[in-house]
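These notes concern the structure reproduced below.
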Amino acid sequence: MWVKKTEQEIVDSRKRLQREGRVAAIGLWLLFTLVGASFPGYSEMRGLYLLPVREILQRAPVVALTMFPVLLVYWFWWGNRRKKNALNVSQVCLRCGATKLSDGVDDCPCGGAYVNMDEAKWVREPGEKE
């Protein structure tokens, strides 16, 4: 059955999602920096597909500083896009378990109320099997 999360659980889940997002962004930044620094440009090709390690280390700071603003622009664009789509969140009725996409009406036909899915959790009833 669906039950409402406590305020502490909601705060913890939001913090966890933010932390995971930051870790993923840093990982992508480092990956793009490594890839950008590893491959030579067309004018630099010397018959090699990868550059020597010494040259990669010399190029990495420049590529990292170049990639950082690109990722920042993408991050702001994605955040604004996600805010615009905030109306299309899943909701669940805690009384009957019905689900729907948010449409501005929070009353369920069963007499209960819809809450956002990230504010609810599924808990097994005592006699329920897996």
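The values are calculated or read from the model by the stated rules, or taken from the named source; none is laboratory data. As the structure is a prediction and not an experimental result, all values here were calculated from the model. Cβ coordinates were reconstructed from backbone atoms using ideal geometry, including for glycine residues, and neighbour counts include every protein chain displayed.
Starting from residues that are modelled with pLDDT of 80 or more and among the small types (Gly, Ala, Ser), keep the ones in segment 37-76 and report whichever is nearest to GLN18 (Cα to Cα).
Top of the filtered list is ALA64.
Of the residues that make up segment 101-113, is at least one at pLDDT below 85, of a type in the set (Ser, Thr, Tyr) and more than 22 Å from the chain's Cα centre (by Cα)?
no
Here is a list: GLU125, GLU119. Which entry is surrounded by fewer than 12 Cβ atoms within 10 Å (Cβ to Cβ) and either of a type in the set (Asp, Glu) or at pLDDT 85 or above (or both)?
Criteria check complete, one pass: GLU125.
Identify the single condition in (1) modelled with pLDDT under 85; (2) in a loop (DSSP other than H, G, I, E, B); (3) hydrophobic (A, V, I, L, M, F, W, C) that CYS96 does not satisfy, given that it satisfies every other one.
(1)
Those residues that are within 20 Å of LYS121 (Cα to Cα), at pLDDT below 80 and either surrounded by 14 or more Cβ atoms within 10 Å (Cβ to Cβ) or not hydrophobic (A, V, I, L, M, F, W, C) (or both), I need them from segment 77-93; list them, please.
Of everything in segment 77-93, just one residue is within 20 Å of LYS121 (Cα to Cα), at pLDDT below 80 and either surrounded by 14 or more Cβ atoms within 10 Å (Cβ to Cβ) or not hydrophobic (A, V, I, L, M, F, W, C) (or both), namely ASN88.
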